[in-house]
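Engineer: Can you read through this structure? Questions will come right after.
The values are calculated or read from the model by the stated rules, or taken from the named source; none is laboratory data. Please read these numbers as outputs of a predicted model, since none were measured by experiment. Using ideal geometry, Cβ is built from the backbone for each residue, glycine included, and neighbour counts are taken over all protein chains shown. Side chains are part of the model used for accessible areas, which takes the heavy atoms of the whole protein and leaves out ligands, DNA and RNA. Shrake-Rupley method; radii C 1.70, N 1.55, O 1.52, S 1.80 Å.
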There are 2 protein chains.
Amino acid sequence: MAEDEFSNEPVREFCTSDHPGSVLQNLKELRDTGTLCDIALVVGSREIFAHRAVLAAGSRYFASIYRSDYTETHASRIELGSLDAGGVETVVQYIYTGVIKLTLGNVHVVLAAATHLDVLHLKDYCQQFLSDNISLGTCLSVWAVADLYDMDELKVQALKFILDNFTKIITMEDVLELPMERLLELLLKDELFVDKEEALFELVVKWTKYDVVNRRATFPKLLASLRIPLMELEYVINNMKSEPLLNEFPECLSLTDEAVSYLMRPQLLKDLPPAGLNTRPRLGTLKDVIVVCGG
Amino acid sequence: MAEDEFSNEPVREFCTSDHPGSVLQNLKELRDTGTLCDIALVVGSREIFAHRAVLAAGSRYFASIYRSDYTETHASRIELGSLDAGGVETVVQYIYTGVIKLTLGNVHVVLAAATHLDVLHLKDYCQQFLSDNISLGTCLSVWAVADLYDMDELKVQALKFILDNFTKIITMEDVLELPMERLLELLLKDELFVDKEEALFELVVKWTKYDVVNRRATFPKLLASLRIPLMELEYVINNMKSEPLLNEFPECLSLTDEAVSYLMRPQLLKDLPPAGLNTRPRLGTLKDVIVVCGG
């Protein structure tokens, strides 16, 4: 037994280790039964009821509202219009339990709600879950989400997966939904793994025609990111040059002509290509060469 | 990674082990800064502010109020007039932390508040603290408190300490504050440890005179609980019978006379005492006899 610092009176501190868990469990039961709820979070047509104090204790967004002298302090409703109701409910449940179940179906709306409401740990959990679930079906959306929420490590992971698996990704519908900037970022990478550069030209044409009205103007920029000198001369002459889109833009025609001239040079003169032509092999292709040499 | 029961979709549960502790800590900070407090507990002239939901999660008294349709649900003040403000504040702090510091100075008011507010564990902690601190200075109040709050085990402990140490307790001022029923309960015990039965007579006289107006009437009942045949004949004749209090009550005089007759009998005739006289030795005295015999 400890003695008080300034007297001989006995003092003892008792601590209930499971007390916080028990209080939170009881707060959850109060919420589940609608007892003492004093705030409605309005998301679309849905109202999510809770206790202001608990929200302020679990979310820095609410803490900041309620610590200020905002009129929200006394408001019985707070509009969270931009979020998804299911995502907000899942995050509020986490605040009342410390437990969250993530699926591919909810992780995006949870991440959005958790980021907006600024709830500790949840962004890390979403990042962990997305990182564990990068696949052909998810990699493009994970890459976009990682970029949106500044998750740098996840962004690197998703991008590496996309680059490594681009031969398969190129055949999927998802790739046609990519924004222009993101597609261009991929096409410019040395690490982009494809069997043949020709496949990238076909992707650029298909991607542009998927929404031709809005995308036509970006065709020249995308074409310029391709490495035409890595294609077969016959393909460039017979397939590329007959593509109507390409013929709409003089700069595209001129680039293709320049590549044809280059490809027709004798091998010895290919070391110094014209400035506008990227002749650097993609790393995926290089790897194949090394394997062949080593065999 | 677990798979969802009805699909192949990946599911993962994340759990923050220190989440409840962190939420409770934040709730405490909200209370410390007066943020979102929505109830004042009124104790005497003091107002103790808190959050209704937290009180309902930590105290079954508040849970019961707020789970009902009492008008208290919407009241911004609750009167707790019968309690001590310091005791209530300490209990409310425990609800917000799970930690309580007990001293001999606060344990009684904390116990009263914890019992009224029905807060889990606190009564056990008070019992444990009181049990660890039974001493000459505390034993009588611990015994009373244990009785008041139905702490049977503590009551047995305190009573045993009192009986074992009655030779010293008899000299303390505290003993004169005992209620009549409690003093009588002690005097009737075989286990009451005193050097001489005569000391108990002196205690009864002193106790009665401490508040003679209110206590005079109980003198005969207390005297009847004494074991006069265990006293010295000379003491009974010279000291007891000259006590004015005793002479006020014919039944006391008659009891004393009977004891004197008994004490004057030859040793051989002492085996069958009159029905009104308790001649059974106290266990403390018996123990001494055994020690002497064994020596």
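Engineer: List the distances, in nm to one decimal, from the label point of A:Val156 to the label points of the same position in every other copy, shortest first, placing each label point 7 Å from Cα along the Cα-to-Cβ direction.
Structural biologist: 6.7
Engineer: Then there is this: If you count only protein heavy atoms with a 1.4 Å probe, what accessible area per residue comes out for the range B:111-269, rounded to a whole Å²? Mind dumping the intermediate values first?
Structural biologist: On the way: 7650 Å² over 159 residues.
Roughly 48 Å² per residue, with all protein chains present.
Engineer: In addition: Provide A:Val43, B:Val212, A:Val213 ordered by accessible surface of protein heavy atoms (probe 1.4 Å), highest first. Provide the component values of the computation, followed by the final result.
Structural biologist: Details: A:Val43 5, B:Val212 45, A:Val213 125 Å².
Ranking A:Val43, B:Val212, A:Val213 by accessible area, largest first, yields A:Val213, B:Val212, A:Val43.
Engineer: Report relative contact order for chain A in percent, whole number only (criteria: Cα-Cα under 8 Å, sequence separation at least 6).
Structural biologist: The normalised contact order for chain A reaches 10 percent.
Engineer: Tell me the distances, shortest first, between B:Asn8 and the same position across the other copies, using label points 7 Å along Cα→Cβ, in nm to one decimal.
Structural biologist: In ascending order, 7.8 nm.
Engineer: Report for chain A the percent antiparallel among DSSP-assigned beta bridges with both residues inside it, nearest 5.
Structural biologist: Values: 7 of 10 bridges.
Bridges in chain A that DSSP calls antiparallel: roughly 70 percent.
Engineer: Report, for the range A:21-119, the % of DSSP beta bridges that are antiparallel, rounded to 5. Walk me through the intermediate numbers first.
Structural biologist: Numbers: 5 of 8 bridges.
That works out to approximately 60 percent antiparallel.
Engineer: So if I place +1 on the C-beta of Lys and Arg and -1 on the C-beta of Asp and Glu, and nothing else carries charge, what would the dipole magnitude of the range A:42-137 be about its Cα centre? I want it in debye, nearest 20.
Structural biologist: Numbers: 7 positive and 9 negative charges, 26 e Å.
The dipole magnitude comes to about 120 debye.
Engineer: Chain B: which residue's Cβ hugs the B-to-A rotation axis most tightly, distance rounded to whole Å?
Structural biologist: Closest Cβ to the B-to-A rotation axis, residue and whole-Å distance: B:Pro20, 2.
Engineer: Could you name the lysines whose alpha carbon sits less than 27 Å from that of A:Lys206, not counting residues in the same chain fewer than 8 places away?
Structural biologist: Excluding near neighbours in sequence, the set is A:Lys155, A:Lys160, A:Lys168, A:Lys189, A:Lys196, A:Lys221, A:Lys241.
Engineer: Now for a different question. At q = 0.06, 0.10, 0.11, 0.12 Å⁻¹, work out log10 I(q)/I(0) for the protein assembly as shown with the Debye formula, treating every Cα as an identical point scatterer and leaving solvent out; two decimals please.
Structural biologist: Normalising to I(0) and taking log10 leaves -0.60, -0.97, -1.04, -1.13.
Engineer: Roughly how much of A:Thr16 is accessible, in Å² to the nearest 10, using a 1.4 Å probe?
Structural biologist: My reading of the accessible area for A:Thr16 is about 10 Å².
Engineer: Could you pull out the longest piece of chain A with no exposed loop GluC sites (Glu not before Pro) in it, calling a site exposed if DSSP puts it outside H, G, I, E, B and it has at most 13 other Cβ atoms within 10 Å?
Structural biologist: Working: sites that count: A:Glu5, A:Glu232, A:Glu248.
After excluding every exposed loop site, the longest remaining stretch is A:6-231.
Engineer: Can you give the average number of partner chain beta-carbon atoms within 10 Å of each beta-carbon in peptide B:26-33, as a whole number? Don't skip to the answer; put the middle values down first.
Structural biologist: Working: counts 8, 10, 1, 4, 8, 1, 0, 1.
Neighbouring Cβ atoms belonging to other protein chains average 4 per residue here.
Engineer: Something else: So which lysines can A:Lys101 reach, going by Cα to Cα under 20 Å and dropping same-chain residues fewer than 8 places off?
Structural biologist: Partners within reach: A:Lys28, A:Lys123.
Engineer: Just to make sure I understand: if all protein chains stay in place, what is the order of A:His108, A:His74 by accessible area at 1.4 Å, largest first? Walk me through the intermediate numbers first.
Structural biologist: On the way: A:His108 70, A:His74 155 Å².
The residues order as A:His74, A:His108, largest area first.
Engineer: Name the shape class, rounded, prolate or oblate, that the alpha-carbon gyration tensor gives for the range B:75-136, where a ≥ b ≥ c are the square roots of its eigenvalues, rounded holds for a/c under 1.5, and otherwise prolate holds if a/b is larger than b/c and oblate otherwise.
Structural biologist: The shape class here is prolate.
Engineer: Restricting things to alpha carbons, tell me how big the range B:136-295 is in terms of Rg and Dmax, in Å.
Structural biologist: That works out to 16.5, 50 Å for Rg and Dmax.
Engineer: Per-residue ellipticity at 222 nm for chain A, helices alone: DSSP H runs ≥ 4 residues times -39500 (n - 2.57), over residue total, nearest 500 deg cm²/dmol? All intermediate terms of the calculation are to be shown ahead of the outcome.
Structural biologist: On the way: 16 runs with 152 residues, N = 295.
When only DSSP H runs of four or more count, the value is -15000 deg cm²/dmol.
Engineer: Which whole-number percent gives the relative contact order of the range A:1-158, counting Cα pairs below 8 Å spaced six or more residues apart? Present the calculation step by step, with values, prior to reporting the outcome.
Structural biologist: Details: 175 pairs, mean separation 25.1, N = 158.
The normalised contact order for the range A:1-158 reaches 16 percent.
Engineer: Just in the range A:29-103: which chymotrypsin sites (Phe, Trp or Tyr not before Pro) are loop by DSSP and have at most 15 other Cβ atoms within 10 Å?
Structural biologist: Working: sites: A:Phe49, A:Tyr61, A:Phe62, A:Tyr66, A:Tyr70, A:Tyr94, A:Tyr96; in loops: A:Tyr70.
Sites meeting the loop and neighbour criteria: A:Tyr70.
Engineer: How many Å² of accessible surface get buried when A and B come together, counting both sides, probe radius 1.4 Å, rounded to the nearest 100?
Structural biologist: Numbers: alone 16970 and 16980 Å², together 29720 Å².
The buried area between A and B, both sides summed, comes to about 4200 Å².
Engineer: Which value, in Å² and to the nearest 10, is the accessible area of A:Ser141 when all protein chains are kept and the probe is 1.4 Å?
Structural biologist: 50
Engineer: How much of the accessible area of chain B, probe 1.4 Å, is carbon plus sulfur, in whole percent?
Structural biologist: Working: 7890 of 14860 Å².
Here carbon and sulfur together make up 53 percent of the probe-accessible area.
Engineer: Which value, in debye to the nearest 20, gives the size of the charge dipole of chain A about its Cα centre, when Lys and Arg are +1 and Asp and Glu are -1 at the Cβ? Before the final figure, lay out the partial values.
Structural biologist: Numbers: 28 positive and 44 negative charges, 187 e Å.
For chain A, the charge dipole is close to 900 debye.
Engineer: Here's another thing I want to ask about it. In 5 Å bins starting at 0, how do the alpha-carbon pair distances of chain B split up by percent?
Structural biologist: Taking all Cα pairs of chain B, the binned fractions are 1, 5, 9, 11, 11, 10, 8, 8, 7, 6, 6, 5, 4, 3, 2, 2, 1, 1, 1, 0, 0 percent.
Engineer: Put a label point 7 Å from Cα along the Cβ direction on A:Pro244, then list its distances to the equivalent points in the other copies in nm, shortest first.
Structural biologist: In nanometres, ordered from closest: 13.2.
Engineer: Related question: With each pseudo-label sitting 7 Å past Cα toward Cβ, what's the A:Thr103-B:Val156 distance in nm, one decimal?
Structural biologist: If labels sit at A:Thr103 and B:Val156, their model points lie 5.6 nm apart.
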